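The values are calculated or read from the model by the stated rules, or taken from the named source; none is laboratory data. Every value quoted in this text rests on a predicted model; they were computed, and no experiment measured them. A quick note on method: Cβ atoms are made from the backbone with ideal geometry, for glycine too, and the neighbour counts reach across all protein chains shown. Areas reflect the complete protein model, heavy atoms only, side chains present, ligands, DNA and RNA absent. Shrake-Rupley method; radii C 1.70, N 1.55, O 1.52, S 1.80 Å.
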Amino acid sequence: MNLLERLLAVFSGEKPDVMPWFADLTYWYRARLYYGDLPTKYLGERGRIRLYRDLGCGAHEELYNLPGSVSYYNVKHISSVETLRDGTIIREEKYRTPIGCIRSVTKFVPKSVSSAHIKYAVETKHDLQILQYIYKNQEFKPDYALQYDRLENWDGVGFVSSLPPRTPFQRLIVVWAGVTNTIRLMMREPEELEETIQVMSEADDPIYEAICESPAPGVYFGENITSDVISPWIFKKYHAPYYKMRARQLHAANKFIYVHIDGTLRGVLPLIEETGVDCAQSVTPAPVGDIPVEQLRKSAGSKIILWGGLPGVYFSRLYSEGTLREMAMDVIRHHLKGHKFIMGVADQVPPDGDIDRVRMITELVEKEARYS
């Protein structure tokens, strides 16, 4: 079996010859591009394909996309960028509507090669009303060209997936309002928040209809859930009903669904299986996460596929190669039986990651994680 066939076997409830091993190299790759020390043979899409093939791991984060484009009526989207001497980049995004304007600011930091919000767009009740206006005036046009291209070019090594917007509540947390503003609005403006979530959900309908018709076999709920923020009560109220609704819709179209839960797990992981989602992806075990490797299956339930197991930080030279190797062996010892585990980096190989460790995991999996 090739790398993709192994993963699809697990999603189909079948036994592969070897435990699938899929790594997210996007953060490491982006950092190497930024610093200008990426080998020439790995530049461009053909270079990225060669990188994964050389390392012997499957690709997934490289290959998701929203299969179409979003536009708005009576909404003006304005972006501006300021680059500072030290390489810091300040990016401002404005959405102007007939009922008002919302504005966000993000900051790119060269040292970490990453960005974060320093101001979120939604802070008040009126901001929620503006956000409702934006989504009520949203239009989506499907376009499957990129997925067809990736299915051909990455065949055998890459899992191509559609990437819908995050679920409405999680979108508020991650994209529009941040944790503090969202929780404050949930407490002080519950009716307006509920109305906003409903409007966002309805705006998602054309996107999911297009995804059901798309050629990609996977659908990635790129939620970035952590139990530190999403309590069991919040998950049951805002996430689970939405997952159940979309899972029924997507399974009717023969899609495989995986949800990105890359933070602490103890509060939410036990609740995912009952939503109908096929796979909890990027699960990070203790001591980086909060559930030991040997307890992941007991916590998650017997049916759901688990994907992860290898904390991304262990690919850094700050930790010994032996620490990573032992974690991988723990995954194999506790999760080879039942063929419902996909070995993966949780969450990403970091910018200072030792890329040779990815190849080391490949060799370990091929030797030790074979099914009889």
Could you tell me the relative contact order of the stretch 237-340? Use alpha-carbon pairs under 8 Å, at least six residues apart, and round to a whole percent. 22 percent
Cα atoms only, the stretch 237-343: Rg and Dmax in Å? 14.6, 46
Going by alpha carbons, how many degrees (0 to 90, nearest 10) lie between the helix axis of 240-252 and the longest principal axis of the chain? 70 degrees
In whole Hz and in residue order, list the ³J(HN,Hα) couplings for the stretch 96-106 that follow from phi through the Karplus curve 6.51 cos²θ - 1.76 cosθ + 1.60, θ = phi - 60°; x for Gly and Pro. 9, 10, x, 9, x, 10, 10, 9, 10, 9, 10
Please state the charge dipole magnitude for the stretch 208-248, taken about the Cα centre, from unit charges on C-beta atoms (+1 on K and R, -1 on D and E), reported in debye and rounded to the nearest 20. 260 debye
Kindly provide the helix-only [θ] at 222 nm of the chain, computed as the sum of -39,500 (n - 2.57) over DSSP H runs of four or more divided by all residues, to the nearest 500 deg cm²/dmol? -11500 deg cm²/dmol
Please give the FRET efficiency for CYS101 paired with LYS303, using the beta carbon to beta carbon distance and R0 = 51 Å, rounded to the nearest 0.05. 0.65
Toward the positive end of the charge dipole of the chain, about the Cα centre and with charges on Cβ (Lys, Arg +1; Asp, Glu -1), which of VAL313, SER161, VAL219 goes farthest? VAL313
Tally Lys and Arg at +1 and Asp and Glu at -1 over the other residues with C-beta under 15 Å from the C-beta of LEU4: what net charge comes out? -4
Output the antiparallel fraction of DSSP beta bridges having both residues in the chain, as a percent to the nearest 5. 55 percent
Dividing the mean separation of Cα pairs under 8 Å (6+ apart) by the residue count of the chain yields a relative contact order in percent of 20 percent
Can you tell me, using C-alpha contacts under 8 Å and at least 6 residues apart, the relative contact order of the stretch 114-198 as a whole percent? 47 percent
Crossing angle, helix 190-212 versus the chain [Cα axis fit, 0-90 degrees, rounded to tens]: 50 degrees
Helix 44-55 against the longest principal axis of the chain: what's the angle in degrees, Cα atoms only, rounded to the nearest 10? 40 degrees
Check ASP278: other-chain or 5+ apart residues with amide H under 5 Å from its amide H, H built from backbone geometry? ILE257
Grab the other residues whose beta carbon is less than 10 angstrom from that of LYS76, score K and R as +1, D and E as -1, and report the net. +2
The local net charge around ASP24, scoring Lys/Arg +1 and Asp/Glu -1 for residues other than ASP24 whose Cβ lies under 13 Å from its Cβ, equals -2
Per the 1.4 Å probe, what fraction of the accessible area of the chain, in percent, lies on carbon and sulfur atoms? 49 percent
Accessible solvent surface per residue of the chain, calculated while the other protein chains remain in place, 1.4 angstrom probe, Å²: 44 Å²
Convex hull of the chain built on C-alpha atoms - directionally averaged projected area, nm²: 18.0 nm²
